[in-house]
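Report on the structure given below.
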Ligand code: FES
Ligand code: FES
């Protein structure tokens, strides 16, 4: 499936402020500092995709309804399509590209592979980010907790998502023994 088309960029690439320049506020994205220099009202989704080329985060509805654009901001699942870049200044953003660590894939990513969750795949980055947040606040989620996740999947992979989240919880528990 072709990747989401991106909007033409109108802002210059982000650069670190140099000596003598007005201090530019920083946003941490996947553990690295960035200094958004364009329209502060630009949706974070465009900044990620157009400016940083972090295209794992997808555009679905653009109105905060589907969850395809889910990222973590200070560990909380947020919709990048309705979050202006200015709201992320001083905060830490994690995208699907930053979920794995030097220790390896995140337990949710491992479980997703084991359970072969994806169908078309379009919603899956958002699903994984939402699942990672769920597990961070609830290490043993039940069916009801998982059913409350607001992310949509037009392919109907919900049964596999449910299995994968439970498997991820198991992997995380085993990893902490
Ligand atoms: S694209 Fe952001 S919620 Fe649908
Ligand atoms: S896997 Fe196709 S939309 Fe979710």
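The values are calculated or read from the model by the stated rules, or taken from the named source; none is laboratory data. Everything quoted here is computed from the prediction, not taken from an experiment. Note that each Cβ is placed from the backbone with ideal geometry, even for glycine, and that neighbours are counted across all protein chains shown.
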Is there a residue in the range 124-132 that is within 20 Å of residue 64 (Cα to Cα), more than 16 Å from ligand 2 (Cβ to nearest atom) and either out of contact with any strand residue (DSSP E or B) (no Cβ under 8 Å at 6 or more places or on another chain) or not assigned by TED's automatic domain parsing to the domain that holds residue 52 (or both)?
yes
Being at pLDDT below 95 and over 22 Å from residue 73 (Cβ atoms): is that true of residue 103 here?
yes
Residue check, residue 58 in contact (Cβ under 8 Å) with a residue 24 or more places away in the chain, in the same structural domain as residue 42 (by TED's automatic domain parsing) and loosely packed, with under 15 Cβ neighbours inside 10 Å
no
Within the range 90-105, can you find the residues that are surrounded by 14 or more Cβ atoms within 10 Å (Cβ to Cβ), closer than 23 Å to residue 163 by Cα and over 13 Å from the mean Cα position of the chain (by Cα)?
105
Taking the stated definitions as given, is residue 77 near ligand 1 (Cβ under 7 Å from one of its atoms), within 23 Å of residue 120 (Cβ to Cβ) and at pLDDT 95 or above?
no
Condition met for residue 174 (modelled with pLDDT under 95 and surrounded by fewer than 20 Cβ atoms within 10 Å (Cβ to Cβ))
yes
